[in-house]
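Chemist: First, the structure itself, so that you have it in front of you.
Please treat every number below as a calculation from the coordinates, not as lab data. These figures come from a predicted structure and were not determined experimentally. Positions of Cβ are generated from backbone atoms using ideal geometry, with glycine treated the same way; all protein chains shown enter the neighbour counts.
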Amino acid sequence: MSLAEYQRLRDQYRGANDRYQRQTTIYYSLSLMMVFLAFSYASVPIYRAICQRTGWGGTPITDSTRFTRDKLSPVSTDRKLRVSFTAETSGALPWKFVPQQREVWVVPGETALAFYRAKNTGDRDITGMATYSVTPDHVAPYFNKIQCFCFEEQRLSKGEEVDMPLFFFIDPEFSRDPAMRNIDDVVLHYTFFRAKHDQQHEQLFGNQSKASEEISTTTVPANSASTQA
């Protein structure tokens, strides 16, 4: 083998090795980006699920396995808690959203029913999603929601107005926790945002409306022809 042939083979090997390393680096970078992207999407629902089961971050408990008979027995006490309700909407959501009552008084273990009212003041159908929190934050592990409009997205037609129920109770353990001894007032706050999938909903319902219009326009001439016959 001549020196020129050796150098040519060496250059081919180095070129192939460099291409392999570049491809490996690209694939590794893409895989890493996909992992971080998936984690960013999953982190919010995972965090929310953990908060709903533990009460972290002022998030009320929504774990139905904790709604046992002993938890739903009112504590024998003269001390009542005042639960106040507040609400707001994001600037991107043209809804009017207000509580129907300012407050309710309950004892731990007693179930209570409250209502919020929402109205779509926009010019189109819109889907919203509510987030919630409890103040003081350390009361959240004792605040349990049995049923709530915030468990799922809410879609309101243009001009539609609805009452949204909230069914909740305070865990009886609240009255036995020394850290809760000086807590007499609890605030439950809701914020409504426009759902991330709202544009997809608009496109879906828009396509359905367009398909219905096309069907109606095709059936009208057919009916006219049969009438003339």
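Chemist: Ala92 to Arg8: extension gain in nm, 0.36 nm per residue of separation minus the Cα-Cα distance?
Modeler: Working: separation 84, 0.36 × 84 = 30.24 nm, distance 6.43 nm.
That pair, Ala92 and Arg8, stretches by 23.8 nm at full extension.
Chemist: Listed here are the pairs Lys145/Lys196; Lys96/Lys145; Lys71/Lys196; Lys80/Lys158; which of them are more than 31 Å apart at the Cα?
Modeler: Working: Lys145/Lys196 24 Å; Lys96/Lys145 23 Å; Lys71/Lys196 36 Å; Lys80/Lys158 41 Å.
Result: Lys71/Lys196; Lys80/Lys158 exceed 31 Å.
Chemist: Would any residue of segment 114-138 have its amide N under 17 Å from a label point 7 Å out along Cα→Cβ of Glu152? List them or say none.
Modeler: Answer for this model: 126-131.
Chemist: Evaluate 2.2 N^0.38 Å with N set to the residue count of segment 125-204, then give the Cα radius of gyration divided by it.
Modeler: On the way: Rg = 16.5 Å, N = 80, 2.2 N^0.38 = 11.6 Å.
Against the empirical 2.2 N^0.38 Å value, I get 1.42 for segment 125-204.
Chemist: Please report how far the C-alpha centroid of segment 109-140 lies from that of segment 147-165, rounded to the nearest whole angstrom.
Modeler: Segment 109-140 and segment 147-165 have Cα centres spaced 9 Å from each other.
Chemist: Tell me, rounded to the nearest percent, the portion of alpha carbon pairs in segment 64-201 spaced more than 22 Å apart.
Modeler: Details: 3952 of 9453 pairs.
So the portion of pairs separated by more than 22 Å is 42 percent.
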